[in-house]
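Here is the structure we will look at, set down as structure tokens.
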Amino acid sequence: MGQDNLRYKRILLKLSGEALLGDTPFGISPEVMDEIAREIAEVYRLGVEIGIVIGGGNIFRGVAGASKGMDRASADYMGMLATVINSLALQDALERQGVTTRVQSAIEMREVAEPYIRRRAIRHLEKNRVVIFAAGTGNPFFTTDTAAALRALEIGAEALLKATKVDGVYERDPLQDPRARKFDHLRYQEVLERGLKVMDATAISLAMENRLPIVVFNLRQPQNIKRAVLGEPVGTTVSN
């Protein structure tokens, strides 16, 4: 299959930290990590240039820490460090699949990751390396959703693919209301007006201002990342 079949040739894949849990209550499931790495490797071999932002919720959530009395900035920095752990684990899993991978961190820690440098990241992508962007934006009070939208725009990604635990965006939580309707397509403004839990408002606003399409889909369904880059109908698309 050649690049002519691809809907998106450069993507930013957003993974939640919770996606790495599998059946474990905390940390990283090696089996789930290997499964995700295999899915990404398949897309990589199609010739897609891939940037990745991964959350840290399987280890520590800044908002949750702050709600229990911690200073919000300190809690957010801890959350950023959790994303670095996940990024290094994903790098290892991808390289075992034969995928050349670089981790770039917004918080400098040269012993384990490159510092985030936009031009270097783009050069890695052009050289067919997957780039994992760790430590969010490097600033407290910003989520990894916002980091994903920001990095997607910085590297010139054609779409932001958000891999979640559900198969798209619903009007209400489908686990609480089985009759909740799933949306195939939404406009950015609808997401903001309805308060839908796609991504946080800052990330949606960034995407809206820069016309960056967001595709929300279920990571647990095999081949979904591949289907999204091929432009097949999958999950919910948020665009104009």
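The values are calculated or read from the model by the stated rules, or taken from the named source; none is laboratory data. Source: prediction; values computed, not measured. Cβ atoms come from the backbone with ideal geometry, glycine included; neighbour counts cover every protein chain shown.
Table for the structure above
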item	result
The stretch 46-75, residues that are part of a loop (DSSP other than H, G, I, E, B) and touching a residue at least 12 places away in the same chain (Cβ under 8 Å)	LEU46, GLY47, VAL48, GLY55, GLY56, GLY57, ASN58, ILE59, PHE60, ARG61
Selection from the stretch 190-214 of residues that are buried (at least 23 other Cβ atoms within 10 Å of the Cβ) and within 15 Å of SER16 (Cβ to Cβ)	VAL198, MET199, ALA203, ILE214
Number of positions in the stretch 110-163 that are part of a helix (DSSP H, G or I) and in contact (Cβ under 8 Å) with a residue 24 or more places away in the chain	16
Which numbered condition THR237 fails, given (1) in contact with a Pro (Cβ under 9 Å, 6 or more places away or on another chain); (2) surrounded by fewer than 15 Cβ atoms within 10 Å (Cβ to Cβ)	(2)
Test: GLY17 is within 22 Å of THR143 (Cβ to Cβ), at pLDDT below 95 and in contact with a helix residue (DSSP H, G or I) (Cβ under 7 Å, 6 or more places away or on another chain)	yes
Only one of ILE132, ILE107 that is more than 21 Å from MET33 (Cβ to Cβ) and not basic (Lys, Arg)	ILE107
Hits in the stretch 140-155 (condition: acidic (Asp, Glu) and farther than 15 Å from ARG10 by Cβ)	ASP145
Residue check for ARG151: of a type in the set (Lys, Arg), within 23 Å of ILE117 (Cβ to Cβ) and touching a strand residue (DSSP E or B) at 6+ places or on another chain (Cβ under 9 Å)	yes
Test: ALA163 is among the small types (Gly, Ala, Ser) and within 14 Å of the chain's Cα centre (by Cα)	yes
Of all residues making up the stretch 40-59, the number that are among the charged types (D, E, K, R) and either out of contact with any helix residue (DSSP H, G or I) (no Cβ under 9 Å at 6 or more places or on another chain) or buried (at least 20 other Cβ atoms within 10 Å of the Cβ) (or both)	2
Residue match in the stretch 192-211 (condition: out of contact with any helix residue (DSSP H, G or I) (no Cβ under 9 Å at 6 or more places or on another chain), among the polar types (S, T, N, Q) and free of Cβ contacts under 8 Å to residues at least 40 places away in the same chain)	no
Filtered residues of the stretch 178-229 (kept if assigned to a strand (DSSP E or B), closer than 20 Å to ILE11 by Cα and modelled with pLDDT under 95)	ASN218
First in the stretch 78-90 and free of Cβ contacts under 8 Å to residues at least 40 places away in the same chain and of a type outside the set (S, T, N, Q), second anywhere and surrounded by fewer than 24 Cβ atoms within 10 Å (Cβ to Cβ) and assigned to a helix (DSSP H, G or I), Cβ under 7 Å, 6 or more apart	MET78/GLY65
Criterion (buried (at least 24 other Cβ atoms within 10 Å of the Cβ), closer than 22 Å to ASN210 by Cα and within 12 Å of the chain's Cα centre (by Cα)) met by exactly one of ALA149, ALA134	ALA149
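Residues are listed down the side, and each one gets a yes or a no for (1) within 18 Å of VAL48 (Cα to Cα); (2) touching a strand residue (DSSP E or B) at 6+ places or on another chain (Cβ under 9 Å); (3) at pLDDT below 95:
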{"position": "ALA66", "(1), (2), (3)": "no, no, yes"}
{"position": "ASN86", "(1), (2), (3)": "no, yes, no"}
{"position": "GLY98", "(1), (2), (3)": "yes, no, no"}
{"position": "VAL103", "(1), (2), (3)": "yes, yes, no"}
{"position": "MET109", "(1), (2), (3)": "no, yes, no"}
{"position": "ARG129", "(1), (2), (3)": "yes, yes, no"}
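Residue-by-condition table, conditions (1) at negative phi; (2) in a helix (DSSP H, G or I):
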{"residue": "MET80", "(1), (2)": "yes, yes"}
{"residue": "GLY98", "(1), (2)": "no, no"}
{"residue": "ILE107", "(1), (2)": "yes, no"}
{"residue": "ASP167", "(1), (2)": "yes, no"}
